[in-house]
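So the structure is just underneath, and the comments pick up after that.
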Amino acid sequence: MTGQTVLLLAPAEPQILPLTLAVRREGYRVVSAGSTEEAFAVLERERIALVIVDMAVAGPLSAIDVLSTVRARWPDVVRVLMCPADDSPDMAAAVNQAHIYAFLIQPVDINQLRTLVRDSVRFHELLCDNRRLYESTINQSLQTRQLNDDLERKVAERVSEIETKNAELEENFLDVIRLLTNLLEVRSSTMAGQSHYMADAARWLSRALFLPIEEQRNIEIAALLHNLGQLGLPDSVIQKSTLQLEHRDKEMLRHSALVAESLLSTVPRLRRVATIVRHQGEWWNGQGFPDGLSGEAIPIGSRVLAVVAGYLKYQDYATLQQSDGKRYDPAILREFRRYLDERPKIRQQQAKSELRLHPSELDEGMILARDLVTGTGQLVAPSGQMVDRGILDRLSAMVSAASENEAKVYVQV
């Protein structure tokens, strides 16, 4: 390949001229230097492919030192030492220190010179190509890393935005639950108290049955809102005991589950909850309401609500057992028996991890260990929620001087 430059560092002697002419005939440009200073100056200002150094070069640096310097400062320049055939010690030093490409043995054979120059220049071009490829690869790697870093940063920002949005949506969802629960509180403190008991028992049963987390959550919410459809019933129906209810009253209570389903279905996140509430009146043997489902065709959440609601109605486990396999799922009934046995232990554990405070002692940042309920039975905030200024303001507005001492405030310790 023509166009490359060869530097020849040798004493200015007549025999140098034939070497120069031979290299030029191969199509290469030749620059001659008579001293190391002159050679280094050429290397500084020009692109050199090959440097040939005569062992007999005079100056403060030896030929080996010159080649070692070229290796250190211009590593892509191919290095050749021109020396007598019997100069073995210097030849070994040239290989070890300067990492030369080849030797040019004196007296120089012109054909050997031409072949050596061609091979050396080709080797130089390969070195340059490899370096360019390496640098290009490094640059691409750095660019790729930068792109990856930018992508990771953008993904992290997007994930953070999504998490923030999800947290806002979750908080809005919880606000809907709190709103509906508060409606029950306003309608009837007894009704709300039953819902909280059912939610506690349903939560325990869902875990004992090893249900998926999402299913556990739906069942707990369904327990809180299972009697939502009773909001529109007259007081004369709600306040009556079961034995006092007339046939028309019983029908209204039964259909209230369908009203609750209709209300809950308007919220997409509560549609599964709505299904659980709809079927809470189904019987294990298929003789229930509204669709006559039987066995495992009844949603498991509905079967859980049926057992807990039955206990609230009769306050007697033995009575529930009489409907084992008829009204109630036998497996859930057995787990509920275990819940009743362990409930005192659960309350003892809760007592050790919670502290009852006077409402005036409640402060922002505290975590509620139980539902925060006023002395009149109104729910201020559910358990597990962190107390903030809004909760404190609601508590202050909902309690009166007479009922404040009766407000139930339990926080985690």
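Which of (1) within 28 Å of the chain's Cα centre (by Cα); (2) not assigned by TED's automatic domain parsing to the domain that holds Leu333 does Asp119 not meet, given it meets every other one?
Status for Asp119: all satisfied but (1).
Thr115 versus (1) at pLDDT 90 or above; (2) more than 21 Å from Leu8 (Cβ to Cβ); (3) not aliphatic (A, V, I, L, M): which is the lone unmet condition?
(2)
Check off (1) modelled with pLDDT under 95; (2) hydroxyl-bearing (Ser, Thr, Tyr); (3) surrounded by fewer than 17 Cβ atoms within 10 Å (Cβ to Cβ) for Ser294 and give me the number that stays unchecked.
Looking at each condition in turn, Ser294 falls short on (1).
What about Ala56, is it in a helix (DSSP H, G or I) and either in contact (Cβ under 8 Å) with a residue 60 or more places away in the chain or among the small types (Gly, Ala, Ser) (or both)?
Considered against the rule, which asks whether it is in a helix (DSSP H, G or I) and either in contact (Cβ under 8 Å) with a residue 60 or more places away in the chain or among the small types (Gly, Ala, Ser) (or both), Ala56 comes out as no.
What residue, of Leu61, Leu50, is closer than 21 Å to Asp119 by Cα and either touching a helix residue (DSSP H, G or I) at 6+ places or on another chain (Cβ under 7 Å) or of a type in the set (S, T, N, Q) (or both)?
Criteria check complete, one pass: Leu50.
Among residues belonging to the range 91-147 that are β-branched (Val, Ile, Thr) and assigned to a loop (DSSP other than H, G, I, E, B), point out the one that is farthest from Ala49 (Cα to Cα).
Among those that are β-branched (Val, Ile, Thr) and assigned to a loop (DSSP other than H, G, I, E, B), it is Val108.
The values are calculated or read from the model by the stated rules, or taken from the named source; none is laboratory data. The shown structure was predicted, so the numbers you read here are calculated from the model rather than taken from an experiment. Counting neighbours? That spans all protein chains shown, and the Cβs are built from the backbone with ideal geometry, glycine included.
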